[in-house]
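Below is one structure; the comments refer to it alone.
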Amino acid sequence: MTAGGPARLVLSGVEEAPGLAQAVAAAHGHARFVEGRLEVTAAPERLIHAAGRVGGAPAAAAMRAAVLPAVAAWLAPPPDLVTPAGRLPTASRPTVMGVLNVTPDSFSDGGVAIGAEDHPRTALEAGAALFEAGADLVDVGGESTRPGAAPVDEAEELRRVLPVVEGLAAAGGIVSIDTTKAAVARAAVAAGAAIVNDVSAGRDDPALLPTVAELEVPYVLMHRQGTPRTMQQDPTYVDVVGEVFDELADGLAALESAGMARDRVVIDPGIGFGKTLQHNLALLRHLRGFTSLGRPVLLGTSRKSFLGRLTGVDEAERRLEGSLATAVLGVEAGASLLRVHDVLATVRAVVVAHAVRTGEEGPWTASP
Ligand code: PMM
């Protein structure tokens, strides 16, 4: 699509949709209903005129207000993400978030085992290695969010993550805290964390969103259906892409009502969180559409079980090729942050994908 050319737009909540479809067709566009949504292929201006023909000037104005910002966001690069610890250059290139899970079962998911007497030394070394490999930021988590995982209490989560956040931040790195708990987010930010990454969209702890708004740090709003304990039992959607999109759009509006500036929010479709293999594939195929929300998109596919299903690889740490394939496709679809375990390999793959996409070489390179 070009700025003035036809666009494929998916509209929900449109009043008088049948009349609008007819008016679009009369203006030589295409329109059809799919699962309660109106899919239109037309130049945005034609769609606005069609709305005016059906509902008069107010309908044209409403359509203009809804469509033009979405198209502009879709066409434009996302803005940089400004954090208290520095700026993430999401406007100019994809950025890589290294995963540092500090949980007892973490050897299997690429993190570091805690419980050893030397905690946090091993975790700090692992975090430093992620930065050295080219991570733009490191995501520290103390509670496993794997399907079936049991919750961890606040004191234990704090014991796991706080010294790690503190050490990595003190060394100058941008650190995000992967938590669903307000108290952990607050303590981690006090210890130097610059982003709160919440896989619950604020649903697990009602104090989390007001706390993040008050702390004035960026926030990752991720889509999840169900809870980690049960979410993979029977994920159900009528239209997974539309539903995840609408929930993130509603979530963004709710965050603004909670006092969080929109320009601090990153959105994430939540690959693997209450999704079947086909749901994950549909979200990846339609990832580009999420950029129309005007916020940087985070993609977390690294080592996830759907990659194991597709490739027949059971061990999470042997799913590098699938992880890289989705990272590269994610970059092509406009993802701004990639949450990954294999940082060096991902940075190298993404440097190439970005160069092909834009023609730009560097200045961003991976160190060995
Ligand atoms: N995935 C996991 C944990 N945290 N956060 C965001 N924003 N997006 C994700 O996809 C995501 C996340 C689970 O992966 P892991 O158990 O391998 O860390």
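A few notes on this one:
- Check on Thr358, of a type in the set (Ser, Thr, Tyr), more than 16 Å from the ligand (Cβ to nearest atom) and either under 17 Å from the mean Cα position of the chain (by Cα) or modelled with pLDDT of 95 or more (or both): no
- If you go through the stretch 148-159 and keep only what is within 16 Å of the ligand (Cβ to nearest atom) and either of a type outside the set (Asp, Glu) or in a loop (DSSP other than H, G, I, E, B) (or both), you end up with Gly148, Ala149, Ala150, Pro151, Val152.
- Taken as a whole, the condition of being open to solvent by 20 Å² or more (accessible area, probe 1.4 Å) and out of contact with any Phe, Trp or Tyr (no Cβ under 7 Å at 6 or more places or on another chain) does not apply to Gly300.
- Any hit, the stretch 35-47, residues being part of a helix (DSSP H, G or I) and open to solvent by less than 70 Å² (accessible area, probe 1.4 Å): yes
- Every residue from the stretch 160-188 that is part of a helix (DSSP H, G or I), touching a residue at least 40 places away in the same chain (Cβ under 8 Å) and either out of contact with any Pro (no Cβ under 7 Å at 6 or more places or on another chain) or among the β-branched types (Val, Ile, Thr) (or both): Arg160, Val161, Val164, Leu168, Ala169, Val184, Ala188
- Close pairs from the stretch 141-159: first at positive phi, partner crowded, with 17+ Cβ neighbours inside 10 Å and part of a loop (DSSP other than H, G, I, E, B), Cβ under 8 Å, at least 6 apart: Gly148/Pro228; Gly148/Gln232
- Condition check for Arg357: outside any helix (DSSP H, G or I) and farther than 23 Å from Gln278 by Cβ: no
- Residue match in the stretch 191-211 (condition: in contact with a Lys or Arg (Cβ under 8 Å, 6 or more places away or on another chain), assigned by TED's automatic domain parsing to the domain that holds Val297 and in a helix (DSSP H, G or I)): yes
- Residue match in the stretch 212-230 (condition: away from the ligand (no atom under 16 Å from the Cβ), surrounded by fewer than 18 Cβ atoms within 10 Å (Cβ to Cβ) and within 25 Å of Gly36 (Cα to Cα)): no
- Meeting the requirement of 3 or more residues that are touching a strand residue (DSSP E or B) at 6+ places or on another chain (Cβ under 8 Å) and hydroxyl-bearing (Ser, Thr, Tyr), no helices (runs of 4 or more DSSP H) wholly within the stretch 249-324 can be named.
- Taking the criterion of being open to solvent by 50 Å² or more (accessible area, probe 1.4 Å) and within 15 Å of the ligand (Cβ to nearest atom), the residues of the stretch 114-147 that qualify are Arg146, Pro147.
- Filter result for the condition that a residue is away from the ligand (no atom under 16 Å from the Cβ), in contact (Cβ under 8 Å) with a residue 60 or more places away in the chain and on the phi > 0 side of the Ramachandran plot, over Gly272, Gly294: Gly294
- Number of positions in the stretch 304-330 that are open to solvent by 20 Å² or more (accessible area, probe 1.4 Å), touching a residue at least 24 places away in the same chain (Cβ under 8 Å) and within 11 Å of the ligand (Cβ to nearest atom): 3
- Val266 vs. criteria away from the ligand (no atom under 12 Å from the Cβ) and in the same structural domain as Ala149 (by TED's automatic domain parsing): no
- Checking each residue in the stretch 212-231 for being modelled with pLDDT of 95 or more and either in a helix (DSSP H, G or I) or among the polar types (S, T, N, Q) (or both) picks out Val212, Ala213, Glu214, Leu215.
- Condition met for Asp234 (part of a loop (DSSP other than H, G, I, E, B), of a type in the set (D, E, K, R) and open to solvent by 40 Å² or more (accessible area, probe 1.4 Å)): yes
The values are calculated or read from the model by the stated rules, or taken from the named source; none is laboratory data. Just so it is clear, the model here is predicted, and its values are computed rather than measured. Don't worry about glycine lacking a Cβ; one is built from the backbone with ideal geometry, like all the others, and counts go over all protein chains shown. Accessible surface areas use protein heavy atoms only, side chains included; no ligands, DNA or RNA. Shrake-Rupley method; radii C 1.70, N 1.55, O 1.52, S 1.80 Å.
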